[in-house]
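Beneath this line is the structure, given in structure tokens, with notes to follow.
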Amino acid sequence: MQRENLTSLLKHACRNVPYYRTVLKESGVIDRQEQVQLEHFSRIPLLDKNVMRTQFEQLQSADIHTRMWYENTSGGSTGEPVRFLQDKEYFFWNEAIKIVNDEWTDRSLVDRQIRLWGSARDLFAGKESAKTQLGRWLRNELWLYSLRMTAEQMTNYVNQINQYKPMQILAYAESIYELARFIEREKMPVYSPTAIMTSAGTLYPRMREVIERVFQTRCFNCYGSREVGDVACECNQHKGLHVSSATHYVEILRPDGTATEPGELGELVITVLFNYSMPFIRYRIGDVGSWSEHTCSCRRGLPLLKEVAGRVTDMFLDKQGVQIDGSMFNLLLDDKPFVKKYQVIQEEYEKIRILIVPVDQNRNPFTYHKEELDDVTKKIQMVMGETCQVTFELMEEILPASSGKYRYTISKVSR
């Protein structure tokens with residue numbers, strides 16, 4: 001099915017999309033007889049946001065007037081949102097994937113769901129159209145917005161969870177983690193849903209542990225984005241994320257463009273098989289992940305991602321060019337009870353800046369917890385080099401990006 005769908009997409013792109021008419025013929029994917037040669041697929045140049053900006057008109061299908069298309073934008077978690085087009089066929093396929101993923105958590109269409117969600121486009125929360133509100137009521141959805149979660153707001157959200165008693169909570173990974181930490185810190189009782197589905201961010205093991213402990217339930221991780229929809233999701237075996245291979249073709253590449261081996265981290269490159277209005281072929285989504293070395297015991301037979309380890313820019317580089325997984329900093333800072341929130345920024349190869357929001361604003365952590373922070377510095381220098389400069393900055397708040405997503409680690413020197 002995937003080969004058939006990919007072949008159909010490439011034929012359509014060659015016939016109707018000016019950009020791909022040139023690219024597919026030059027790469028040999030479409031031969032002189034207008035036949036698809038899938039063995040040359042890896043020769044197609046990667047699509048990135050810069051190409052989408054500069055070739056926006058050329059990437060649109062000539063038959064777009066026959067499709068029910070709409071404009072969308074990327075989340076902008078990197079500060080660089082981009083416009084693109086999608087259509088109703090893509091929309092319905094994506095909704096179908098969501099239904100399947102929900103069923104893996106035992107949620108049916110009639111079961112209650114709370115969505116802890118939000119971005120800059122949701123600033124008018126509570127003022128949605130009557131049609132939108134009716135749709136959410138019919139789907140048994142209650143939306144709680146997570147763009148900025150104050151203590152008062154989180155207290156209110158816990159009360160709404162306890163009152164609504166959802167079967168499932170769908171949430172930004174960081175948002176539900178912050179809510180779980182708040183609940184645990186304040187010793188609040190909270191209703192335990194059957195499942196929590198996390199997306200729109202990296203679910204690190206420590207985050208999963210806290211969420212499952214506080215809510216006393218199973219956590220399912222789902223991977224996708226606005227550009228490409230829902231790509232992969234965990235089943236109830238929690239052995240990795242199953243790729244929706246009928247709707248997406250996923251590659252994981254090394255810096256030289258060759259395919260990685262199972263267990264080897266590389267850059268995720270995604271082809272969406274059902275968005276004919278503006279095809280996404282070999283799209284550099286900007287995330288790092290790896291294939292699993294094993295098959296899942298659920299026997300669904302779908303390709304299995306071992307993990308999605310975060311953004312490309314979450315991977316730090318030392319002065320020798322060695323790649324360091326930014327999740328190392330989570331291990332150093334997650335268990336510090338005096339830290340409410342943090343962000344680690346690699347400004348230069350040997351310059352690390354750590355922003356800290358303390359739990360108690362009246363107790364300066366640089367005074368009361370100096371030894372622990374000195375230990376963090378030493379461990380960072382063991383990895384990044386003895387001459388690496390580590391500085392700490394006290395913050396009242398660290399805001400998420402306009403997408404509503406929060407990033408714990410940011411490297412400004414990562415490739």
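The values are calculated or read from the model by the stated rules, or taken from the named source; none is laboratory data. These numbers come from a predicted model, not from an experiment. Heads up, the Cβs are rebuilt from the backbone with ideal geometry, glycines too, and the neighbour counts pull from every protein chain shown.
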List the residue pairs whose Cβ atoms are under 8 Å apart, where the first residue sits in region 237-261 and is farther than 23 Å from Val322 by Cα and not assigned by TED's automatic domain parsing to the domain that holds Lys98, the second is at pLDDT 90 or above and buried (at least 21 other Cβ atoms within 10 Å of the Cβ), and the two are 6 or more positions apart or on different chains. none
Out of all the residues in region 228-247, which are surrounded by 23 or more Cβ atoms within 10 Å (Cβ to Cβ) and not in a loop (DSSP other than H, G, I, E, B)? Gly229, Val231, Ala232, Cys233, Glu234, Leu241, His242
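Checking the structure you have, find out if any residue of region 235-252 is aromatic (Phe, Trp, Tyr) and more than 16 Å from the chain's Cα centre (by Cα). I'd like the intermediate steps shown before the answer.
As a first pass, look at region 235-252 and keep what is aromatic (Phe, Trp, Tyr): 249.
Now narrow it down to the ones that are more than 16 Å from the chain's Cα centre (by Cα): 249.
Checked region 235-252: at least one residue is aromatic (Phe, Trp, Tyr) and more than 16 Å from the chain's Cα centre (by Cα).
Which count do you get for residues in region 191-200 that are part of a loop (DSSP other than H, G, I, E, B) and either touching a Gly at 6+ places or on another chain (Cβ under 8 Å) or surrounded by fewer than 22 Cβ atoms within 10 Å (Cβ to Cβ) (or both)? Walk me through it before giving the result.
Filtering region 191-200 down to residues part of a loop (DSSP other than H, G, I, E, B) leaves 191-194, 200.
Next, from what is left, pick out any that are either touching a Gly at 6+ places or on another chain (Cβ under 8 Å) or surrounded by fewer than 22 Cβ atoms within 10 Å (Cβ to Cβ) (or both): 191-192, 194, 200.
Residues flagged as part of a loop (DSSP other than H, G, I, E, B) and either touching a Gly at 6+ places or on another chain (Cβ under 8 Å) or surrounded by fewer than 22 Cβ atoms within 10 Å (Cβ to Cβ) (or both) within region 191-200 amount to 4.
Take Leu331 and tell me if it is touching a Phe, Trp or Tyr at 6+ places or on another chain (Cβ under 8 Å) and either over 20 Å from Lys412 (Cβ atoms) or exposed (fewer than 13 other Cβ atoms within 10 Å of the Cβ) (or both).
On the way: touching a Phe, Trp or Tyr at 6+ places or on another chain (Cβ under 8 Å): no; either over 20 Å from Lys412 (Cβ atoms) or exposed (fewer than 13 other Cβ atoms within 10 Å of the Cβ) (or both): yes.
No.
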When the residues of region 86-129 are narrowed to those that are touching a strand residue (DSSP E or B) at 6+ places or on another chain (Cβ under 8 Å), outside any helix (DSSP H, G or I) and among the aliphatic types (A, V, I, L, M), which ends up modelled with the highest pLDDT? Ile114
For region 62-74, give me each residue that is within 17 Å of Phe91 (Cα to Cα) and among the small types (Gly, Ala, Ser). Ser74
Could you check, for region 68-85, whether at least one of its residues is assigned to a helix (DSSP H, G or I) and either at pLDDT below 95 or closer than 30 Å to Gln168 by Cα (or both)? no
Can you tell me which of (1) at pLDDT below 90; (2) touching a Cys at 6+ places or on another chain (Cβ under 9 Å); (3) among the polar types (S, T, N, Q) is the one Thr132 doesn't meet? (2)
Any strands (runs of 3 or more DSSP E) falling wholly within region 315-365 and containing at least 1 residues that are under 19 Å from Leu265 (Cβ atoms) and modelled with pLDDT of 80 or more: 315-317, 339-348
State which residue pairs qualify: first residue assigned to a loop (DSSP other than H, G, I, E, B) and inside region 31-49, second residue of a type in the set (Phe, Trp, Tyr) in any location, beta carbons under 9 Å apart, and separation of 6 or more residues or different chains. Ile44/Tyr20; Leu46/Tyr283; Asp48/Tyr283
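Residue by residue, here is whether (1) among the polar types (S, T, N, Q); (2) surrounded by fewer than 23 Cβ atoms within 10 Å (Cβ to Cβ); (3) under 17 Å from the mean Cα position of the chain (by Cα) holds:
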{"position": "Thr260", "(1), (2), (3)": "yes, yes, no"}
{"position": "Asn275", "(1), (2), (3)": "yes, no, no"}
{"position": "Arg284", "(1), (2), (3)": "no, yes, yes"}
{"position": "Asp287", "(1), (2), (3)": "no, yes, yes"}
{"position": "Ser292", "(1), (2), (3)": "yes, yes, no"}
Selection status of Glu174, part of a helix (DSSP H, G or I) and either over 23 Å from Cys222 (Cβ atoms) or more than 23 Å from the chain's Cα centre (by Cα) (or both): no
Are any residues in region 274-299 without any contact (Cβ under 8 Å) to a residue 60 or more places away in the chain, part of a loop (DSSP other than H, G, I, E, B) and not charged (D, E, K, R), and if so, which ones? Ser292, His294, Thr295
When you scan region 49-67, how many residues do you find that are at pLDDT below 90 and either in the same structural domain as Ile285 (by TED's automatic domain parsing) or touching a strand residue (DSSP E or B) at 6+ places or on another chain (Cβ under 6 Å) (or both)? 0
Considering only region 163-190, state which residues are under 21 Å from Gln133 (Cα atoms) and surrounded by fewer than 18 Cβ atoms within 10 Å (Cβ to Cβ). Gln163, Tyr164, Lys165
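Does region 170-177 include one or more residues that are within 20 Å of Ser108 (Cβ to Cβ) and out of contact with any Asp or Glu (no Cβ under 7 Å at 6 or more places or on another chain)? Can you show your working first?
Pass one, region 170-177, residues within 20 Å of Ser108 (Cβ to Cβ): 170-171.
Add one more test, that the residue is out of contact with any Asp or Glu (no Cβ under 7 Å at 6 or more places or on another chain), and what stays is 170-171.
For region 170-177, residues within 20 Å of Ser108 (Cβ to Cβ) and out of contact with any Asp or Glu (no Cβ under 7 Å at 6 or more places or on another chain): present.
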